[in-house]
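Below is one structure; the comments refer to it alone.
The values are calculated or read from the model by the stated rules, or taken from the named source; none is laboratory data. Just so we're clear, the structure is a prediction, and the values are computed from it rather than from any experiment. Positions of Cβ are backbone-derived with ideal geometry, glycine not excepted, and every protein chain shown enters the neighbour counts.
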Amino acid sequence: MAQLFYAPDLEKNKLLPEDEARHCLQVLRHQKNDVITIIDGKGCFFEGQILTDNAKKCEINILKKVKDINSQRNYYLHLAIAPTKNIDRVEWLLEKCTEIGIDEISFIQCNRSERKEIKIDRLEKICIQAIKQSQKALLPKINPIVSFSKFLEQNLKDYSQKLIAHLVDEDRKELNSVLESKSKYCILIGPEGDFDAKEVAIAIQKEFLPVTLGKSILRTETAGIMACCNVAIKNIES
């Protein structure tokens with residue numbers, strides 16, 4: 001398995017970011033003329049030769065550019081989830097969903113939410129490590145936290161499947177039974193105390209289909225990962 005380095009502006013400036021350069025040169029002991037594998041977070045792998053082994057300005061000669069076919073999924077998954085009070089669990093969710101395959105994540109503040117702030121820079125670093133681990137080249141989009149109502153005010157018409165997973169004992173479909181392959185999905189996951197009845201009603205008015213993830217009561221981050229897994233498995237089967 002190749003060691004990957006992340007350089008979002010590689011084609012523009014032909015440089016490794018300083019933190020990546022330090023890891024490459026000082027930790028892994030790469031030297032001038034070594035060939036390394038680099039990702040840009042936009043879906044491309046690069047083979048690059050180190051021209052200058054200076055951690056503050058590590059210049060790269062691009063030898064080859066390859067589109068990441070594993071990142072070119074036949075579906076698009078946007079997970080909108082209420083972040084947990086414990087930020088470690090949010091980071092774990094993001095790491096695992098990135099490894100499995102997710103395109104976009106939004107954080108929503110609900111009536112029963114316990115967290116009102118997130119640090120996108122920190123979460124992006126988690127995602128970068130996760131795409132390296134899973135040998136992907138496409139970095140998920142992370143959106144700032146917004147209120148539940150503001151999220152639903154967005155133009156979501158492009159999504160072929162809009163789903164809200166909740167615990168209210170009413171007419172809900174099993175997620176597996178309604179998922180269609182090769183779709184554009186937007187899935188809502190609530191906080192530890194679940195969405196309240198008003199939030200569920202508003203989502204239904206916005207054409208979100210109520211679904212259940214099974215009989216077990218799941219933690220928020222577990223529910224998000226389970227939804228991500230179900231979508232991935234559905235599209236593997238297709």
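Looking at Leu16, Leu77, which is the one that is surrounded by 13 or more Cβ atoms within 10 Å (Cβ to Cβ) and over 30 Å from Ser113 (Cβ atoms)?
Every option except Leu16 fails the conditions.
Screening Lys157 with (1) under 22 Å from the mean Cα position of the chain (by Cα); (2) surrounded by 14 or more Cβ atoms within 10 Å (Cβ to Cβ) gives one miss only, at (2). Scanning the stretch 25-41 for residues that are free of Cβ contacts under 8 Å to residues at least 12 places away in the same chain and either basic (Lys, Arg) or under 13 Å from Leu15 (Cβ atoms) (or both) yields one hit, Arg29.
Kindly establish whether Asp68 is under 20 Å from Ile128 (Cβ atoms) and surrounded by fewer than 17 Cβ atoms within 10 Å (Cβ to Cβ).
Values: under 20 Å from Ile128 (Cβ atoms): yes; surrounded by fewer than 17 Cβ atoms within 10 Å (Cβ to Cβ): no.
Answer is no for this residue.
Within the span defined as the stretch 209-216, every residue fails to be exposed (fewer than 15 other Cβ atoms within 10 Å of the Cβ) and more than 16 Å from Asn176 (Cβ to Cβ).
Contact annotation: residue pairs with Cβ atoms under 8 Å, 6 or more positions apart or on different chains, pairing a residue in the stretch 42-63 that is surrounded by fewer than 16 Cβ atoms within 10 Å (Cβ to Cβ) and charged (D, E, K, R) with a partner that is modelled with pLDDT of 95 or more and in a strand (DSSP E or B), are Lys57/Leu15. Kindly establish whether Asp196 is modelled with pLDDT of 90 or more, closer than 20 Å to Ile102 by Cα and of a type in the set (Asp, Glu). Criteria not met by Asp196. Filtered by the rule that a residue be modelled with pLDDT of 95 or more and of a type in the set (D, E, K, R), the stretch 100-118 gives Asp103, Glu104. Being touching a Phe, Trp or Tyr at 6+ places or on another chain (Cβ under 9 Å) and in the same structural domain as Glu124 (by TED's automatic domain parsing): is that true of Ile39 here? Considered against the rule, which asks whether it is touching a Phe, Trp or Tyr at 6+ places or on another chain (Cβ under 9 Å) and in the same structural domain as Glu124 (by TED's automatic domain parsing), Ile39 comes out as no. For the stretch 164-187, filtering for residues that are touching a residue at least 60 places away in the same chain (Cβ under 8 Å) and either out of contact with any His (no Cβ under 9 Å at 6 or more places or on another chain) or within 23 Å of Gly214 (Cβ to Cβ) (or both) leaves 7. Lys141: basic (Lys, Arg) and out of contact with any strand residue (DSSP E or B) (no Cβ under 7 Å at 6 or more places or on another chain), yes or no? No; evaluated as a whole, the condition is false for this residue. Do we find a residue being in contact with a Gly (Cβ under 8 Å, 6 or more places away or on another chain) and not aliphatic (A, V, I, L, M) anywhere in the stretch 215-231? Looking for residues that are in contact with a Gly (Cβ under 8 Å, 6 or more places away or on another chain) and not aliphatic (A, V, I, L, M), one finds at least one in the stretch 215-231, hence yes. Number of residues in the stretch 133-154 that are among the basic types (Lys, Arg) and at pLDDT below 95 equals 1. Restricted to the stretch 164-177, and to residues there that are out of contact with any strand residue (DSSP E or B) (no Cβ under 6 Å at 6 or more places or on another chain) and of a type in the set (A, V, I, L, M, F, W, C), the residue that is farthest from Ile225 (Cα to Cα) is Val168.
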